[in-house]
């Protein structure tokens with residue numbers, strides 16, 4: 001058990017609670033889905049590819065049912081799937097409309113993202129692909145689903161990264177019109193998600209919205225050290241060999257998901273907090289401190305305005321503040 005009482009092996013009973021997770025077909029999103037369903041939650045798994053979504057859905061049901069038969073777990077939860085591409089604003093609007101119609105959400109895990117950018121640098125809408133996928137898409141989705149969270153006092157969790165502690169700089173050029181490199185695009189996107197996650201909580205509090213925003217990072221989590229899951233995680237033998245050489249400084253994606261899940265469901269985690277592995281690259285999840293740059297309210301306000309203009313989404317703070325009263 002963790003020093004502060006959180007046990008990753010025994011989550012609270014999440015029966016009756018509903019969560020939406022972006023990027024559920026691989027890695028952290030998949031294992032977070034599995035952990036939530038094992039604790040009794042209903043999870044909406046999202047992804048871009050129908051076949052991958054179907055494979056991930058089947059894997060969760062298979063693995064959770066098998067584990068529940070031999071474990072302490074409560075009655076397993078349920079799963080549904082939803083097509084969603086966070087780099088495409090049209091896809092986001094369509095998925096959000098479907099999710100809104102399906103009822104309240106106790107949590108949204110804004111996990112989907114690109115780590116290694118492909119050759120294509122821009123989306124069809126003209127935005128830099130990494131920033132659009134990791135940042136703009138999630139900003140838009142969180143705003144679209146805000147009322148569904150507010151009616152039950154739900155929580156959004158933004159995915160940060162330990163890379164922000166490795167020379168992060170002020171993203172004055174968010175989409176890297178100048179000086180683009182794949183690594184810079186990734187790190188800058190994670191600076192932005194952390195900044196926006198903290199800024200979102202400031203604005204939710206100021207508007208009296210009964211929802212919270214938290215940031216979590218998974219440490220150095222790699223697929224070669226993760227359990228093999230048919231159709232989800234099937235690294236080649238050489239990949240396993242190389243990744244296992246990094247054992248002292250890494251952990252599995254399954255373990256990395258523990259920080260995300262804790263940030264999503266632990267009632268002792270408060271809005272505006274930052275959660276990550278105890279030893280930064282690995283370990284039991286705990287409260288941590290994001291890098292100083294990301295805590296700057298002025299930077300938060302500037303990035304918020306940029307995202308509003310880029311996505312044409314204005315978060316419905318006033319409606320969300322009233323949503324819980326109407327729901328009751």
### Message
Here is a check on your reading of the model: is residue 184 within 20 Å of residue 313 (Cα to Cα) and part of a helix (DSSP H, G or I)?
### Response
no
### Task
Note down all Cβ pairs under 6 Å where the first residue falls in the stretch 137-152 and is free of Cβ contacts under 8 Å to residues at least 60 places away in the same chain and at negative phi, the second is outside any loop (DSSP other than H, G, I, E, B) and surrounded by fewer than 24 Cβ atoms within 10 Å (Cβ to Cβ), and they're at least six residues apart or on different chains.
148/100
### Message
Any residue that is more than 19 Å from residue 296 (Cα to Cα) and modelled with pLDDT under 95 - is there at least one of those in the stretch 145-159?
### Response
no
### Task
Go through the stretch 107-132 and give me each residue that's more than 14 Å from the chain's Cα centre (by Cα) and over 13 Å from residue 182 (Cα atoms).
123, 124, 125, 126, 127, 132
### Task
Can you confirm whether the stretch 205-214 contains a residue that is buried (at least 24 other Cβ atoms within 10 Å of the Cβ), farther than 19 Å from residue 295 by Cβ, touching a residue at least 24 places away in the same chain (Cβ under 8 Å) and touching a helix residue (DSSP H, G or I) at 6+ places or on another chain (Cβ under 8 Å)?
yes
### Message
I need the full set of residues from the stretch 152-190 which are under 18 Å from residue 209 (Cα atoms) and surrounded by fewer than 20 Cβ atoms within 10 Å (Cβ to Cβ), in order please.
### Response
152, 153
### Task
Hand me the list of strands (runs of 3 or more DSSP E) wholly inside the stretch 21-139 holding 2 or more residues that are in contact with a strand residue (DSSP E or B) (Cβ under 8 Å, 6 or more places away or on another chain) and surrounded by 21 or more Cβ atoms within 10 Å (Cβ to Cβ).
42-47, 107-110
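The values are calculated or read from the model by the stated rules, or taken from the named source; none is laboratory data. Here the structure is a predicted model, which is why all the values come from computation and not from measurement. So basically every Cβ, Gly included, is an ideal-geometry build from the backbone, and we count neighbours across all protein chains shown.
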